[in-house]
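Enquirer: Starting off with a structure, shown below.
Values in this text are rule-based calculations from the coordinates and carry no lab data. None of these values were measured; they are calculated from a predicted model. Because the Cβ atoms are built from the backbone with ideal geometry, glycine has one as well, and the counts that use them run over all protein chains shown.
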Amino acid sequence: MIKRIKAFMKIEYLFIKQNLLIMLQFRISYFMSILYEIAELSVALICYSIMFMHMDSIAGWTRNEVFFLAIYAYFVDITCTMFFIGMVSIPEYIRNGTLDLFLLKPINKQFLLTFRRPNAVQIIGFFGCIIYFTFYIYANHISCFRIGLFFVSMICSISSMYNVLLIVVSMSFWVVKIGDMWSIIYTFNNLGSKPLNIYPKIVRAILIFMIPSAIIINIPAQIMREPNIRILLLSVFVSVFIAIIGRCIFKAGLARYESACG
Amino acid sequence: MQLKKEISILRIEILKSMNYKAFFWYSLINPFIAFGVQFFLWNTVYLVNDEIGGYTKYTMIMYFFWSSIMAILTNSDAVELGNDIKNGNIDRELLRPISLVKYRFWMHIGKKVPYIILALLLWIVYLGYCIITKQIDGSAWSLYFVCVAIIINYFVNLLIGLLAIYIEEVWVINAIITFLKNILAGYYIPLSLMPTSVLRFLNWTPLSFMCYIPVESMLNRISKDMIIIYVVVSAVWMVVLHFGVKNVVNKLLKKYNSACG
């Protein structure tokens, strides 16, 4: 099992390296893309900065905590774009019948299809966020216990996001055009990128159990603010459940797939 | 005045926009989801504050409601004109018996017709409420300011898009300018919450007419004197932008070489 994981990590490293080398051939384009990522993050931070000129907290969240939430939402976005953007092509492969080329390869199909086209533009943003988290932990004297909880919730969050996207693209095995499902997912992630206690209980329940935006974005930031084992266990349970559902739907879709090759 | 050509463009664009019904309904609902987030956020903020930046809870929530409507009315793909000119994709449009800028404008309006109908219905209901509560002054002018917002937004997006002709990697500059424009137009946050000097400057630029001033007029937060000033300033900006865009596009088209066989 560990050997398999090491092999996957090595292959993913090669994919990222290859993508980075291609991207760096067009340096201006690469750095312009980084500029875009910074601008995208700045919009949320500017809006919150203006709000905090007129108030001390939002639903009990201080300025630093809200900024952490906004940056964590950005971190989830760039992690998914960096590692999972290859999923965008799966509906096209299914429609064109060119999925066969990937199914014939001697590697786990789900891994190959979802991880094979990383986007190395996000590397700087990814490490920038890690540095920010490190600085935040140091500046706020966060305990090791809380760091551990945060790390576990971060894994659950990224895993949940991956599996939600996997479920969406797997619908392509049954539905011809999944079209703008991506933007729907990101709309719901917008819901999760605000402090959870602004919503009434029913909306919170929807954001945890049905559309797990709270698990993906809010709960890790919540845990960093106030460690809560119950929320963490809930987050682990939901993310494992979604992972099982995602895997089952993907396998069912693969079983249904018919090649277009002659 | 005959609008036969314009009406046929509108009709085609309406049919095209209704092609993918799921996406059409999603694009209608999406801004209200974004409004829902703002509603819950400001509802919670006002639990501990009575007034923020001169806005009560009601006016703040209504600000975000109407700015969501403004966002769907005013967002456009006018930025694409620059790329289309650069890639030579406008040949067929140049052969049509209507100017390119006018054609693209009516295409833009055609795509917006379902949203305009929705916005009009909501506006009529809101106007009825304003008549009952005798707060009609600013609201009556809001329709004029919304039309101004659509026109000014279209021209500004067009000018941003025309950068594509001069700069290779323009999509990032387009995106950054669009982000800045959306913040400074008041889509994300009321301009009154910004520092006073910034607000004073923005009030004289076309940016504030894209969202902030139409919404403020709907909320009756603009005095009668200021409405007259804003009507004049907005008319001046519309004329300036119209001639500016027309001039730039005509100059570009004189140099345009088609790659048609």
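Enquirer: Helix-only estimate, please: 222 nm mean residue ellipticity of chain A, summing -39500 (n - 2.57) across DSSP H runs of length 4 or more and dividing by its residues, to the nearest 500. Don't skip to the end; give the middle numbers.
Expert: Working: 12 runs with 184 residues, N = 262.
Result for chain A: -23000 deg cm²/dmol, rounded to the nearest 500.
Enquirer: So what's the stretch B:1-134 giving for Cα Rg divided by 2.2 N^0.38 Å, two decimals?
Expert: Compared with the compact-globule rule of thumb, the stretch B:1-134 sits at 1.37.
Enquirer: Turning to a different aspect of this structure: Can you quote the Å³ per residue value for the convex hull of the Cα atoms in the stretch B:141-261, rounded to an integer?
Expert: Each residue corresponds to 122 Å³ of Cα convex hull volume.
Enquirer: To one decimal place, what Kirkwood hydrodynamic radius in Å is obtained for the stretch B:4-255 from all pairs of distinct Cα atoms?
Expert: Kirkwood hydrodynamic radius for the stretch B:4-255: 19.4 Å.
Enquirer: Count of lysine pairs in chain A with Cα atoms under 26 Å apart, counting only pairs 8 or more residues apart in sequence or on different chains?
Expert: Value for chain A: 17.
Enquirer: What is the distance in Å between the Cα centroid of the stretch A:1-65 and that of the stretch B:69-119?
Expert: What the calculation gives is 33 Å, centre to centre.
Enquirer: At q = 0.15, 0.23, 0.24 Å⁻¹, what is the base-10 log of I(q)/I(0) for the stretch B:1-73 according to the Debye formula with one equal point scatterer per Cα and no solvent? Please give it to two decimals.
Expert: Result of the Debye calculation: -0.66, -0.99, -1.03.
Enquirer: 222 nm [θ] for chain B, helices only, -39500 (n - 2.57) per DSSP H run of 4+, per residue, to 500?
Expert: Value at 222 nm, helices only, nearest 500: -24500 deg cm²/dmol.
Enquirer: If you don't mind, another one. Just need the Rg to Rh number for the protein assembly as shown, please, alpha carbons only, Kirkwood Rh.
Expert: 0.98
Enquirer: Something else: Hey, what D do you get for the stretch A:2-256 in µm²/s if you plug the Kirkwood alpha-carbon radius into Stokes-Einstein at 10 °C and 1.306 mPa s?
Expert: Reported coefficient: 81 µm²/s.
Enquirer: Order of A:F115, B:F243 from fewest to most other C-beta atoms within 10 Å?
Expert: Least to most surrounded, the residues fall as B:F243, A:F115.
Enquirer: Expressed in whole Å with the largest first, what are the equivalent ellipsoid semi-axes of the stretch A:91-208 derived from the C-alpha gyration tensor as the square root of 5 times each eigenvalue?
Expert: Semi-axis lengths for the stretch A:91-208 are 33, 21, 13 Å.
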